Amino acid sequence: GHSSGGHLALWLSARQTLPEDAPAGPVLRGADPLPVAGVVGLAPIADLEDFKRYTRCGPDIVADFLGGDAAPESPRFRLSDPATLAPVEARQLLLMGALDPIVPPAHGRHYAERVAAVGQDVEVVTVEGAGHFELVAPWTAPWSGVASRIVGFLEQVSGGDSR
């Protein structure tokens, strides 16, 4: 997933960690959560609290996303933030554009350091020459390296079958 879609991909991989007694926990978690072996985040919004420090999307973007409550201690925040739901079983690869002013590489590194403290392994790769959108644009110079990294990661998590 890319950017906010990266947030959703990371969240989906953590869905099985949602507590049964959380508000809407059983609904969000589902009776049989989809097992996810690996997640690729392309400049993902991985840590909502940290993202508020970097965002150029406006000071209220996280509050708007959460329906008005952006306090890190709130249940809605905790249930929506991949960083607070770690560790998860899925392997994670974050590809961050070196020139990205929207979700900078420091955000990916911060997330990786934060979740490593609870046992989550995350590979963070800074893609030279890439901003926020070059990571997903096949006509750009960085794209071939991005595509190769994704294919390699998929082969690793699937045991060699990247179909």
*Filter region 93-109 for residues that are in contact (Cβ under 8 Å) with a residue 60 or more places away in the chain and open to solvent by 10 Å² or more (accessible area, probe 1.4 Å) and give the result.*
Ile102
_Can you say whether Gly159 is modelled with pLDDT under 95, closer than 21 Å to Asp47 by Cβ, outside any helix (DSSP H, G or I) and not hydroxyl-bearing (Ser, Thr, Tyr), as far as the supplied structure shows?_
no
_Looking only at region 140-155, and only at residues there that are hydrophobic (A, V, I, L, M, F, W, C) and touching a residue at least 12 places away in the same chain (Cβ under 8 Å), the one that is most open to solvent (accessible area, probe 1.4 Å)_ = Ala141
*Which of the residues that make up region 120-139 are among the polar types (S, T, N, Q) and open to solvent by 30 Å² or more (accessible area, probe 1.4 Å)?*
Thr126
_For Thr126, only one of the following conditions fails: (1) in contact (Cβ under 8 Å) with a residue 12 or more places away in the chain; (2) closer than 22 Å to Ala37 by Cβ; (3) of a type outside the set (Asp, Glu). What is its number?_
(2)
*Can you find even one residue in region 74-83 that is open to solvent by less than 20 Å² (accessible area, probe 1.4 Å), within 21 Å of Gln156 (Cβ to Cβ) and at pLDDT 80 or above?*
yes
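Quick test for you: out of Ala70, Ala112, Ala63, Ala117, pick the one residue that is surrounded by 14 or more Cβ atoms within 10 Å (Cβ to Cβ), free of Cβ contacts under 8 Å to residues at least 12 places away in the same chain and under 22 Å from Arg15 (Cα atoms). Spell out the reasoning first.
Numbers: Ala70 fails: free of Cβ contacts under 8 Å to residues at least 12 places away in the same chain; Ala112 fails: free of Cβ contacts under 8 Å to residues at least 12 places away in the same chain; Ala117 fails: surrounded by 14 or more Cβ atoms within 10 Å (Cβ to Cβ).
Unique residue meeting the criteria: Ala63.
What are the residues in region 142-153 that are of a type in the set (A, V, I, L, M, F, W, C) and closer than 20 Å to Ser3 by Cβ, if any?
Correct list: Trp143, Val146, Ala147, Ile150, Phe153.
The values are calculated or read from the model by the stated rules, or taken from the named source; none is laboratory data. Bear in mind the structure is a predicted one, so any value in this text is a computation, not a measurement. Cβ atoms come from the backbone with ideal geometry, glycine included; neighbour counts cover every protein chain shown. Just the protein is used for accessible areas: all its heavy atoms, side chains included, with ligands, DNA and RNA removed. Shrake-Rupley method; radii C 1.70, N 1.55, O 1.52, S 1.80 Å.
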